[in-house]
1. Name every residue in the range 1-60 that is modelled with pLDDT of 95 or more, touching a Phe, Trp or Tyr at 6+ places or on another chain (Cβ under 8 Å) and closer than 23 Å to Gln126 by Cβ, in order of residue number.
2. Got a sec? Which strands (runs of 3 or more DSSP E) wholly within the range 94-141 have at least 2 residues that are among the β-branched types (Val, Ile, Thr)?
3. I need the full set of residues from the range 395-410 which are touching a strand residue (DSSP E or B) at 6+ places or on another chain (Cβ under 7 Å) and either without any contact (Cβ under 8 Å) to a residue 24 or more places away in the chain or buried (at least 16 other Cβ atoms within 10 Å of the Cβ) (or both), in order please.
4. Please determine, by comparing only the residues of the range 79-102 that are surrounded by fewer than 21 Cβ atoms within 10 Å (Cβ to Cβ) and closer than 19 Å to Leu166 by Cα, which one is farthest from the chain's Cα centre (by Cα).
5. For Ser242, state whether it is polar (S, T, N, Q) and out of contact with any strand residue (DSSP E or B) (no Cβ under 6 Å at 6 or more places or on another chain).
6. On the basis of being part of a loop (DSSP other than H, G, I, E, B), open to solvent by 10 Å² or more (accessible area, probe 1.4 Å) and either touching a strand residue (DSSP E or B) at 6+ places or on another chain (Cβ under 8 Å) or not polar (S, T, N, Q) (or both), does Glu268 make the cut?
7. Applying the selection to the range 484-501, what residues are modelled with pLDDT of 95 or more and assigned to a strand (DSSP E or B)?
8. Please go through the range 231-246 and give me each residue that is at negative phi and assigned to a loop (DSSP other than H, G, I, E, B), ordered by number.
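The values are calculated or read from the model by the stated rules, or taken from the named source; none is laboratory data. What you are looking at is a predicted structure, and each value in this text was computed from that prediction instead of being measured. Virtual Cβ from ideal backbone geometry, glycine too; neighbours counted across all protein chains shown. Just so you know, the surface numbers come from the protein's heavy atoms only, side chains and all, with ligands and any DNA or RNA stripped out. Shrake-Rupley method; radii C 1.70, N 1.55, O 1.52, S 1.80 Å.
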Amino acid sequence: MHRHLLLRTAAACALVVSAWAVTLGGQYTITVNRDRLINAQNEPQNWLLMNGDYGSQRYSKLTQINRDNVKDLRMVWALALGGMQDTGQNGPENELNPLIDNGFMYTSDGWGTIYKIDARQPDYGQYVWITDPGVEHEGNRSRTRGIALWEERVLANLPDGRVIALDRDTGEIIWDHEIAITNEFGGREAFRAAPLVADGTVIIQNGTGDAGTRGWVAGLDVETGEEKWRWYVVPEPGEPGSETWKDDHNAWKTGGGGIWQTGSYDPETNLYIFGTGNPYPIYDPEYRPGDNLYTNSVVAVDVATGERAWHFQYTPNDSWDYDEVGIHMLYDTMIDGRLRKVVSHYARNGFFYSLDRTDGAFIKGEQYVNDLNWTAGLDPVTGRPLDYDPNLDVQIYNPEARALRADRDTMKRACPTWHGGIAHQPTAFNPEKGIAYGAGTEGCFSQSGAAVVPLSPEGGVDRAASERREYTSDLYYGSVTAVDADTHQIMAKAITEIEVRSGMLATAGGLVFTALQDGWIVGYHDETLQELWRFNVGTPLKGAPVTYAVGPRQYIAVQASGRHLHPVRYDNLENSSYLFVFALE
C-alpha cells in the first residue's frame, strides 16, 4: 500500500515539474529513440546509455572542464539515495552511474528502487519520482549495475530475478516479469549487468555462473516484456561447441559462463557483442576437460534472432578465474596502417586485445599488466596463448603457474591475480587520440590444486565431498592504464594503493577520471596520466564517473555505494548510498 501511495504522490510531482520545465524555458525532454541512442556521442550534454554510447567508449566531447581548470572542480550538490538496508558486511554492489537526459537523471540503488531526479539547478538536485518495486531483502543480495532508457520507458532488472519497465514521466510500472530462476541443482540465476535496449529489444543476461548456473543472454520485447529469444553460453549436448565439454558427468548443466557487464551494440550489423565468464567449477579444469566453449570468450549474437554470429575465446580450459566479463569497446581505427572495424578489450588474463568486430578475427594483442606468468605470450596469428595445445583435453600452460589436482600440497603462483587485471570495471576510449583506458587490479596470487566431485553422472557438484583449495594474494594494488589502440603499446600507467573497482571516463578536455574505494575521485592528464585533481567524498566508490551539461555548465557525477573486501584494507570508511555532483567554481 505504501508503494502505491508513493507512486501517486510522485506522479503528481512529475506533472508540476514538467510544467515548471516549460515555464523556465528549460529543456523539453523528447523521447529517447533509436536514432538518439545510435548518435549518443553527438549529445555530449547527455549520458543516455550506461557506457556512454552503443560502442561503450565512455567518451564525452565536453571541454569546459579541462587540464588547466580541473583544479577548480568542486562538489556543488549531493543527494542521498536508498539501497543500504540489510546489505551485510560487503555492502551493496552498486557499480553504476546515472543516466542523464536534458537535465533529468535516472538511476537505481542496490535493492532495485528507481529514481528520477531533476538536476537542472546549479546547486541542488531533487526527486521527481521514486519507484520501489518491492524486492524482498531476505534471500536476495543488494546489487545493480544500472538501467536503460528507451522512448518513454525506463528498463531495469532486479535482484530478485524480475525485469520491469516504468513510465519515465510518472514512475508507474508498465510491465513486470520474473525471468531469472533457480536450476535443478539449486543454483540461482541473477542479473549482474544493466539491460541494454537495441532496436526495440531489451537485452538481459544471467550473471551467476559461479553459482553453478549456465550463463545466458536473452532478448525481450520492449513493449510487453515477453521473451523473444535466448542464447546459452554453455551449449547442451549436440549443439555447436558442446564437443569442447569432454567430461562424463554433464558438467555443462552447471557450466558457468555468467555475464557480468553490459555488452556493446553495432547497429550496422545488428550484433550484440559481450564478454562471458569463467567455466564452473572455477579452479578445477580436470572436472571439465576441453576448451569449455563459450566461456572466457567474446560472443556476438544477432539481436533479431539471438543466434551466435561469431566468437573468440581468450583462455580455453581456464582455472585462474580469468573470466572476460568486462567491456568490449567498438570503434574504427588504424592498426598497422590499415583501417579496421575493431572490438577491443582489456582482458582479465592481462592482455589488451583487438579483434575484427565483423567476424571476431584476431588482429593484435599485447600485455598490459605489470606481472604476467600464466603463459609465455600470444600467438601473433591466432591470438591463442602460446602454450595452448589443441591435442590436450586439460591444458598445462605454464606448469609453474597452473595448479592441477596433483598439486594438492603445492602452491602455484600465477599472475595476474584472480581479481585482475581488469574485470567488469568500465573502460574508455578517446576516438580523437586513439587511446584506450582501463582501471583495475595488479598483482599475483597463489593456489593449490583441489578436486571437485560430481553429484552424479546426471550432473551437479557435490560441494561437501569436494576438496578445498588453499590460496593467498600478493603484489595487490590498483592501476590506471593508457594503451595506444594502434600499436598496443602502453603509453602511461598510474598506480593506486588500492584496487580500482570503479571505471573510466574520458573527455575532450584532455582528462580521464576514475574513482577509488577509499573515497577519492581522481582526474588525470589523458596522455601522461599525471594526476591533476582529486577529491575525497568520505565513502567507498565503485560507480564509474560520468559527465553532462546543463546549459553552458559541465558537471561530473559519481554514485557511491559499497566496497569490495579483497583483501580487507581501508576498512575505516562507512558504506553509504549517495549521488555526488561536481562543477567548476
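1. Val32, Gln45, Asn46, Trp47
2. Per the criteria, 114-118, 126-131.
3. Of everything in the range 395-410, those that are touching a strand residue (DSSP E or B) at 6+ places or on another chain (Cβ under 7 Å) and either without any contact (Cβ under 8 Å) to a residue 24 or more places away in the chain or buried (at least 16 other Cβ atoms within 10 Å of the Cβ) (or both) turn out to be Tyr397, Ala401, Arg402, Ala403.
4. Filtering first and then ranking leaves Asn102.
5. yes
6. Taking the combined requirement at face value, the residue satisfies it.
7. Asp484, Ile490, Met491, Ala492, Lys493, Ala494, Ile495
8. Val233, Val234, Pro235, Glu236, Pro237, Glu239, Pro240, Trp245, Lys246 - these are the residues of the range 231-246 that are at negative phi and assigned to a loop (DSSP other than H, G, I, E, B).
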